[in-house]
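Here's the structure we're looking at; comments come further down.
Please treat every number below as a calculation from the coordinates, not as lab data. As the structure is a computational prediction, the values presented were derived from the model and not from experiment. No Cβ is skipped: glycine too gets one built from the backbone with ideal geometry, and neighbour counts run over all protein chains shown.
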């Protein structure tokens, strides 16, 4: 491959917890600054996928509650700092914030976490309003990428994909191979993707499949690796763990459900869901740097991902993931530093860290996959 022919976007989903819990200062402001400092120390850059619906809800209540006003101001200060320091800012939405209410103690969110389960008009409004809100911080023409909250891209996919195209979004990074959710709030299955790792035109009705024709949106899957390839001899133990973990989740779910039923909380439509992603949710080794796995596993996974594209005939656009809300220890930033340093040391002649907006502006370098004619 030609030098610097592998472009890597380090993306971060910048948000509070899916159920509305957490403090903007702790989970978003502080962690974003530390992550940018980590990137700067290595001379790399990244993209923040900024959750907007949360902030729109906060600003509805900021005049009534001092603490909400404090957190709202920190959110704005952080996004302004991202833009000032030259980081990419792109759109990320969690529709459970639609119609959110704050009762003075906690946020009360709705239970529909999957954007594809909303009406076409609602979906278009979420995208349109989110872009308009972010345009306060970065130029409107720079807002060209999208990641859906909780990875939800359907099926059904048509209303969301058409809304993205209509609002000028050029690429989506919501698909990740090997992910399964069967929860109270979202259900999806990305275990049988037609194009799990390379850019492709998604089928309008089912984004997991290849479109027969080009259109205005390219899907760039977030990279993942089958667990067995990373773990090797440890794979049987991992498979056993994958059986035990749902049983533990189920036991906790049952105990909490009983307490809620006895207390009457089970009848509250705004009560935080007990199992939003499902007891039997699972995933491959997703390239989400916030996940605490042994460093040697991470380095092997990185090698597998990069080497996957060694013999590609076209430039490779790779997307990696992170969640600043989960970076609560100094060791979390140390892990990210070590992963990126390994990438620079081993693959520095081949890789370049870029923004998602740069990928969107150079889609002409790609030949996104299409469905083969019957």
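Projected onto its three principal axes, the C-alpha set of the stretch 85-151 covers 36, 30, 19 Å, listed from the longest axis down. A straight line joining the Cα centroids of the stretch 278-294 and the stretch 9-87 runs 23 Å. From the Kirkwood radius over Cα pairs of the stretch 143-221, Stokes-Einstein at 37 °C and 0.692 mPa s returns a whole-number translational diffusion coefficient of 265 µm²/s. Exposure proxy ranking for 162, 307, based on other Cβ atoms within 10 angstrom of each Cβ and starting from the fewest, stands as 307, 162.
Neighbour counting of Cβ atoms within 10 Å sorts the residues 299, 193, 164, fewest neighbours leading, into 299, 193, 164.
Enclosing the Cα atoms of the stretch 1-67 in their convex hull gives a volume equal to 107 cubic angstrom per residue.
Take every DSSP beta bridge whose two residues both sit in the chain; close to 25 percent of them are antiparallel.
Comparing 76, 64, 17 in a Gaussian network model of the chain (Cα springs below 10 Å), the most mobile by mean-square fluctuation is 64. Computing Rg and the Kirkwood Rh from the Cα coordinates of the stretch 60-191 gives a ratio, Rg/Rh, of 0.98. In the elastic network of the chain, a GNM with C-alpha springs shorter than 10 Å, the most mobile of 214, 155, 202 is 214. Rg then Dmax, both in Å and based on the Cα atoms of the stretch 6-365: 19.9, 61. For the stretch 281-364, taking the reciprocal of the average inverse distance between every pair of different Cα atoms yields a Kirkwood hydrodynamic radius of 14.3 Å.
The mean of 1/r over all distinct Cα pairs in the stretch 116-186, once inverted, gives the Kirkwood hydrodynamic radius of 13.0 Å.
Projected onto its three principal axes, the C-alpha set of the stretch 23-131 covers 43, 34, 19 Å, listed from the longest axis down.
Where only DSSP H runs of four or more residues are counted, the chain gives -11500 deg cm²/dmol as its mean residue ellipticity at 222 nm, each run worth -39500 (n - 2.57). Put in order of Cβ neighbour count within 10 Å, fewest first, the listed residues 219, 81, 198 become 81, 198, 219.
Look at where the Cα atoms of the stretch 299-374 and of the stretch 177-218 average out, and the two centres are 19 Å apart.
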